[in-house]
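Have a look at the structure below before the remarks.
Values in this text are rule-based calculations from the coordinates and carry no lab data. Source: prediction; values computed, not measured. Quick reminder, even Gly has a Cβ in these numbers, built from the backbone with ideal geometry, and neighbours come from all protein chains shown.
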Amino acid sequence: MIATIDKPAWVQLVPDEEAVSELATVFARTLVTPVVVYLKGDLGAGKTTFARAYVHALGFRGYVKSPSYGLLETYEAGGQKILHLDLYRIEDPEELEYLAIRDLFDAKSVLMVEWPDKGGNRLPAADLELEFGETEESRFIACRPFTAHGLGMAEQVRRLL
């Protein structure tokens, strides 16, 4: 494992939903499974929009819904199993045991986790963290890798931006 990087590998301005979707499409061409991606940011920052665009960029044609109430949505697309987890509504990390994430996560999986801080130590460690934020001028997504695997993918995305 590499040390947590205080400074992001890159920061991409995403002034609108289309820009978020374009970045998610680059990720869809880049991520190598298995991978764990934490999605951090305030409500309405674009985390679910990113995950939805990622799944569609892999060729999924159905509706990609927010996992806010069901906590976990699973999709098969582009040879990947995408596990989209939203922990906003959980009260205790123990609740994750009922979702059997460890059993679902395999060599073909991409685990995208919104509100990962609520998962405590019940989540697999992140390879990448995407922070969704905003300045007075624009919205942005900052990418921080936490493993050598994550660093390689972050560098590949940066080259494609």
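Tell me which trypsin sites (Lys or Arg not before Pro) from the stretch 37-120 have a DSSP coil assignment and no more than 15 other beta carbons within 10 Å of their own.
Working: sites: Lys40, Lys47, Arg52, Arg61, Lys65, Lys81, Arg89, Arg102, Lys108, Lys118; in loops: Arg61, Lys65, Arg89, Lys108.
Those satisfying the criteria are Arg61, Lys65, Arg89, Lys108.
What does the charge add up to near Tyr75, with Lys and Arg as +1, Asp and Glu as -1, over the other residues with Cβ less than 11 Å from its Cβ?
Numbers: positive: Arg52, Arg61, Lys65, Lys81; negative: Glu73, Glu76.
Result for the neighbourhood of Tyr75: +2.
Taking the Cα centre as origin and putting +1 on Lys and Arg beta-carbons and -1 on Asp and Glu beta-carbons, what dipole magnitude results for the chain, to the nearest 20 debye?
The calculated dipole for the chain is roughly 580 debye.
Grab the other residues whose beta carbon is less than 11 angstrom from that of Leu151, score K and R as +1, D and E as -1, and report the net.
Result for the neighbourhood of Leu151: 0.
Using amide H atoms built in the peptide plane, which far-off residues or other-chain residues are under 5 Å from Ala9 H to H?
When sequence neighbours closer than 5 places are left aside, the close amide H contacts are Cys143, Arg144.
Using θ = phi - 60° and the Karplus form 6.51 cos²θ - 1.76 cosθ + 1.60, what ³J(HN,Hα) does each residue of the stretch 108-120 get, whole Hz, x for Gly and Pro?
In residue order, the calculated couplings are 9, 9, 10, 9, 10, 10, 8, 6, x, 4, 6, x, x Hz.
What percent does the relative contact order of the stretch 1-141 come to when contacts are Cα pairs within less than 8 Å and at least six residues apart? Could you put the intermediate results ahead of the total?
Values: 228 pairs, mean separation 47.5, N = 141.
Averaging sequence separation for qualifying contacts and normalising by length gives 34 percent for the stretch 1-141.
Need one word for the chain: rounded, prolate or oblate. Basis is the Cα gyration tensor (sqrt eigenvalues a ≥ b ≥ c); a/c below 1.5 gives rounded, then a/b vs b/c decides. Before the final figure, lay out each step's value.
Numbers: a/c = 1.27, a/b = 1.24, b/c = 1.02.
Note, shape of the chain comes out rounded.
In a shell of Cβ-Cβ distance under 11 Å around Asp92, excluding Asp92 itself, what net charge do Lys and Arg (+1) and Asp and Glu (-1) give? Please report the intermediate quantities before stating the final value.
Working: positive: Lys118, Arg122; negative: Glu91, Glu94, Glu95, Glu97.
Net charge in that neighbourhood comes out at -2.
Going by how many other Cβ atoms sit within 10 Å of their own, how do Thr74, Thr33, Thr48 line up, fewest first? Intermediate values should be presented prior to the final figure.
Values: Thr74 12, Thr33 16, Thr48 21.
With the sparsest Cβ surroundings first, the list reads Thr74, Thr33, Thr48.
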